[in-house]
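The values are calculated or read from the model by the stated rules, or taken from the named source; none is laboratory data. This structure is a prediction, so every number in the text was calculated from the model and none was measured. Note: ideal-geometry Cβ built from the backbone for every residue, glycine included; neighbour counts use all protein chains shown.
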Amino acid sequence: MYPISTLEQLTIPLTAHHIRFTVRATTPLVFGEFKGSALRGALAGVLRRTFCPAWRAEKTDPLHQVLCPICQLLSVEGDEETAGDVRRPYAIEPPLDEQTHFAAGETFSFGLALYGDKLAYLPYLVLAVGGMGESGLGKKGDQERGRRGEGATGREDRGRFGVEQIEAVNPLSGATETMMAADERMVRSPNLPVTHAQVMQICDAWLPRLAAQGNRLTVHFRTPTRLTQDEGTQKRADFFPFCKKVVLRVLDLCAQHGGGRPTLDGQALELRRHIYPHADSVQLLTDETQWWDLKGYSSRLARAQVLGGFVGRATYYAPDWRPLLPWLIWGMSAHVGKNIVKGCGIYDLRF
């Protein structure tokens, strides 16, 4: 087990900014069953059409990809569950309620997480959210589709919205900061990042509370969480594959968008020594998750895409949460599994 002094030497050089957009529908707006897929598709489309001069090209040259901020944001990445893959520096955080139909005048909120040193991308993302509202989002309206014909294409009959407020949100402290109020048009930079120092403060506060409750920790999987273990898809919330994917994602975000690989006591972190034995000792006590068989569409791949994963609660017991809790707290910002950029793999911790 980690002694307290060793845990204090854990360094995870990463930050995460959580930005919340409150928008008001100006025409009726209809989402599918998972709002994250539509939000990410619309965002990526506006970013390409508005800011990338080579967005129509089938293949862009390497120099353009290096220089273009949009190509860097939307760069093709590999499987989110494999160590060493390219990780996008942002993720959609969709509304977590079940409402899918919004009448003109109704409001809803969604978020964007921006990781590491990529805050320079924020102006493009803010402008793109405004562009999403102008160009249309969600399913096509039935009345408009009837007038145009079932084969009609384009976004002009999709729901539209206007951005009313932009806030920075820190999910660990609960603090919020207004970046743009309803009567403003200038957007201020966010100043409420999740940092490693804050994660460790939360960890120190939570550990005694966990011990007082028998070291039982509940994970609430809020959006579809799709994990693999031994080349198979996990259908239940076993702890080891879940924890492993959280750690690998945080490691990659640190290396690619943060300050380098995490260290322990100033030395390189060894997963098989410092993480995996502790994760393997955790017991699954109750599994109240269920499989959400969800499908979406990838415009990049031009085909249907499997988004399904488990949602719900699972409760675990660990002899000592000290070696694992910092990673799990970071995972609430980083998210876990496949299709994170579309809003999958969001969870929170409860005890």
Here is a list: 128, 168. Which entry is farther than 19 Å from residue 42 by Cβ and either modelled with pLDDT of 90 or more or acidic (Asp, Glu) (or both)? 168
Matching residues in the stretch 97-125 (under 14 Å from residue 22 (Cα atoms) and assigned to a loop (DSSP other than H, G, I, E, B)) number 2
Farther than 21 Å from residue 346 by Cβ, at pLDDT 95 or above and over 16 Å from the mean Cα position of the chain (by Cα) - does that describe any residue in the stretch 81-94? no
From the list 197, 255, 205, which residue is over 20 Å from residue 312 (Cα atoms), without any contact (Cβ under 8 Å) to a residue 60 or more places away in the chain and either assigned to a loop (DSSP other than H, G, I, E, B) or touching a Lys or Arg at 6+ places or on another chain (Cβ under 7 Å) (or both)? 255
Regarding the stretch 226-238, can at least one residue be identified that is without any contact (Cβ under 8 Å) to a residue 60 or more places away in the chain, at negative phi and among the β-branched types (Val, Ile, Thr)? yes
For the stretch 260-351, please list each of the strands (runs of 3 or more DSSP E) lying entirely inside it that holds at least 1 residues being of a type in the set (Gly, Ala, Ser), touching a His at 6+ places or on another chain (Cβ under 9 Å) and farther than 26 Å from residue 115 by Cβ. 309-317
Screening 32, 45 for residues that are outside any loop (DSSP other than H, G, I, E, B) and not β-branched (Val, Ile, Thr) leaves only 45
Among what's in the stretch 195-222 and is closer than 24 Å to residue 116 by Cα and among the charged types (D, E, K, R), pick the residue that is modelled with the lowest pLDDT. 204
